[in-house]
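The values are calculated or read from the model by the stated rules, or taken from the named source; none is laboratory data. Because the structure is a prediction, the values reported are computed rather than measured. Because the Cβ atoms are built from the backbone with ideal geometry, glycine has one as well, and the counts that use them run over all protein chains shown.
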Amino acid sequence: MPRPTAPRAITIGDYTLLAKLGEGGMGIVHLARKAGGDRVALKVLRPHIVGDDEARARLAREVTSLSRIRSRWVAEILDADPWAPIPYVATRYVPGLSLHDHVVEEGPITGPDLLWFATCLAEGVASVHAAGVLHRDVKPSNVLLEGRTPILIDFGLARVADDPKVTHTGWLLGTPGYLAPEILYGDDATTASDVHSWASTVAYAAMGRPPFGRGPSVAVMDRVRRGEHDLRDTPLAVRALLSAALDPEPARRPSLGQVIARLRDLAANGERCVTQRGGTQRGGTARVASLDPLTLPVGLVDERVGPPPTPPPTPPPPLVLTQVDRPPAPPIWNDPDGWDVHAQWQQHDDTDTDDDPWAEPVTPARPEPRLGVGEKLRRGVLLLAGSAVVGAAAAAYPWPSLAVVVVVVWLLRSGSLAASAAGERRRLRGPRWYDGAQLLLHAPWDLVRSVPVTVLLVLWSGGLAVSAALLSYAAAASQPVALGMIGSAFAVAVWTGPGGSRVRAPLNRVVRPLARPWRSWLVAVVVLVALALGGALVAVQQGTTWMPGDDRPFAGSLG
């Protein structure tokens, strides 16, 4: 048989395609590399988007403008060839998750990290405006996280969609919930439109959900047009700023310069961005006339001096979602909780008593990582204390402890699967009044389908527990100490093993809030340590109880 040959590498221009990163309406994005160069994100545009000379000339003009952008918050254009047989645009490659995926996997962004994120993202949008173009599609999937720093991607290229072959008058391009109301009305996009999209994206980062909710596109866009956003779970320090930026009237929104100045003031004052629940904010009633003129943070963007220039006069019509007829001007809704947005915009509430005193004031110009490290250490101490509790219980009552841990793991994994399935149903068809009943009806099936991976996880953890037992035997440890090490190793393996993400996700909803304020963390650690010491004392004083049996297994092997 002839030896099979390796598939030939695909090249576009001077770039060799390495892997597919994503796909959208404009084209396909590949990870690529030029010989002797760094990796880049290569966007290959679809033929029906850029097909004739007129469209290619438009793309060439757009690329010329965008190539002037040089900002650490933007994945700037490095190379492009609009006239190639397969037109492409190469941008800086950012090896990180999108904001959408980061929030799904890690949860919302909190504390000074949120102020840092919001300021960097605003600076990125401002640098695009400084080049004389608009972004038009700021949303969580177009923001990549490099560490904790946001990098804006996919800026400005939507302008090539201004082609009658691929658009229709009165139809819209974009993601519901992140489009500004004036775009839904069919008006031209402006810099204020990007401010609205910026606020929606920051609100998603802070809450872990879109500010205008989910459901059918028509319903979401109707809430956007009326300014019916829900910011209850955003930190009080930035809630007024986000509410003002989400005002349905573009003229009443703050400029990017005012946004950056406000965020800089919050960081300079040591705001911790602790979430406080409040009422649903309806109708952008905030005003920004009292703000100082445009003030830019020193050292964040060197390219921009003065306010952003006026955007080009012919923004692109967007891709089809649904047709929108402009209704009469929406009414201004009063806040049902009586919260004065205008007053909060000028001076936030300083009565928050849940601030973390361990947090250091952070200025956006230079991130301070100490809070993130401290919070991670506190979470780690909590988890170690929890594993110590499991170890102490195993030293006193091995079989009941093992049974309880296995059942808890099974229930946590089943509940996580049920919650994910319910969330996916709501995402696809919107919330329904019968969601709770449907969740209960699906519960037996969720219990069954979580069994295989739960068994795999328990076997994996049991293997590591056996390793701990062998180490204890080699060290001639006493029986309580050996059982404690076995129980703790089993708990750590359950947390980190295959399928453990379904265990970590629900437990993190308890661990993370406890680890943020140091007072609640300290109380939780004291309680867990007390439980561990109590279990160890029982094991030492009255010995190990092997119920429901009478004798320990493998007598003589341990202790």
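Any idea which of ALA237, ALA261, ALA267, ALA219 is among the aliphatic types (A, V, I, L, M), modelled with pLDDT of 90 or more and not in a loop (DSSP other than H, G, I, E, B)? Full working, then the answer.
Details: ALA237 fails: modelled with pLDDT of 90 or more; ALA267 fails: modelled with pLDDT of 90 or more; ALA219 fails: modelled with pLDDT of 90 or more.
Matching residue, one of ALA237, ALA261, ALA267, ALA219: ALA261.
Residues in region 186-216 that are farther than 18 Å from ARG136 by Cβ, in contact (Cβ under 8 Å) with a residue 60 or more places away in the chain and part of a helix (DSSP H, G or I): ALA205, ALA206, MET207.
The residue list ALA482, ALA477, ALA491 contains one member that is on the phi < 0 side of the Ramachandran plot and not in a helix (DSSP H, G or I), which is ALA477.
Okay, residues lined up against (1) touching a Phe, Trp or Tyr at 6+ places or on another chain (Cβ under 7 Å); (2) over 18 Å from SER387 (Cβ atoms):
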site	(1), (2)
PRO431	no, yes
LEU439	no, yes
VAL455	no, yes
LEU471	no, no
GLN479	no, yes
GLY484	no, no
ALA493	yes, no
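If we scan region 490-503, do we find a residue that is more than 37 Å from the chain's Cα centre (by Cα) and assigned by TED's automatic domain parsing to the domain that holds ALA388? Checked against the condition, which is being more than 37 Å from the chain's Cα centre (by Cα) and assigned by TED's automatic domain parsing to the domain that holds ALA388, region 490-503 yields no hits at all. Scanning region 117-150 for residues that are farther than 19 Å from SER255 by Cβ and in a loop (DSSP other than H, G, I, E, B) yields ASP137, LYS139, GLY147, ARG148.
Among the residues of region 443-451, is any under 30 Å from GLY208 (Cα atoms), of a type in the set (A, V, I, L, M, F, W, C) and outside any helix (DSSP H, G or I)? It would help to see each step written out before you state the result.
At the first step, the residues of region 443-451 found to be under 30 Å from GLY208 (Cα atoms) are 443-451.
Checking which are of a type in the set (A, V, I, L, M, F, W, C) leaves us with 443, 445, 447-448, 451.
Going one step further and asking which of them are outside any helix (DSSP H, G or I), we end up with none.
No: zero hits.
Does region 170-185 contain at least one residue that is more than 24 Å from LEU266 (Cβ to Cβ), over 19 Å from the mean Cα position of the chain (by Cα), part of a helix (DSSP H, G or I) and at pLDDT below 90? Among the residues of region 170-185, at least one is more than 24 Å from LEU266 (Cβ to Cβ), over 19 Å from the mean Cα position of the chain (by Cα), part of a helix (DSSP H, G or I) and at pLDDT below 90, which makes the answer yes. When the criteria are applied in full, SER467 fails the requirement of being surrounded by fewer than 16 Cβ atoms within 10 Å (Cβ to Cβ) and under 19 Å from GLU105 (Cβ atoms).
Each residue in region 443-459 was checked for being free of Cβ contacts under 8 Å to residues at least 24 places away in the same chain and surrounded by 13 or more Cβ atoms within 10 Å (Cβ to Cβ), and 2 of them qualify. Any residue at all in region 414-433 that's at negative phi, among the hydroxyl-bearing types (Ser, Thr, Tyr) and buried (at least 17 other Cβ atoms within 10 Å of the Cβ)? The answer is yes; a qualifying residue exists.
To keep it simple, each residue is scored yes or no on (1) at pLDDT 85 or above; (2) touching a Cys at 6+ places or on another chain (Cβ under 6 Å); (3) over 22 Å from SER450 (Cα atoms).
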{"position": "GLY462", "(1), (2), (3)": "yes, no, no"}
{"position": "SER467", "(1), (2), (3)": "yes, no, yes"}
{"position": "PRO506", "(1), (2), (3)": "yes, no, no"}
{"position": "ALA515", "(1), (2), (3)": "yes, no, yes"}
{"position": "LEU528", "(1), (2), (3)": "yes, no, yes"}
{"position": "ALA536", "(1), (2), (3)": "yes, no, yes"}
{"position": "ASP550", "(1), (2), (3)": "no, no, yes"}
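Among residues of region 241-255 that are within 18 Å of LEU266 (Cβ to Cβ), those with a beta-carbon under 7 Å from a residue that is buried (at least 24 other Cβ atoms within 10 Å of the Cβ) and among the aromatic types (Phe, Trp, Tyr) at least six positions away or on a different chain give the pairs ALA245/TRP198. Considering only region 461-471, I want to know if a residue exists there that is in contact (Cβ under 8 Å) with a residue 24 or more places away in the chain, touching a Leu at 6+ places or on another chain (Cβ under 9 Å) and of a type in the set (S, T, N, Q). Among the residues of region 461-471, not one is in contact (Cβ under 8 Å) with a residue 24 or more places away in the chain, touching a Leu at 6+ places or on another chain (Cβ under 9 Å) and of a type in the set (S, T, N, Q), which makes the answer no.
Against the numbered list (1) more than 30 Å from PRO506 (Cβ to Cβ); (2) out of contact with any helix residue (DSSP H, G or I) (no Cβ under 7 Å at 6 or more places or on another chain), VAL104 comes up short only at (1). Every condition in (1) at pLDDT 90 or above; (2) among the hydroxyl-bearing types (Ser, Thr, Tyr); (3) touching a Lys or Arg at 6+ places or on another chain (Cβ under 8 Å) holds for THR363 except the one numbered (1).
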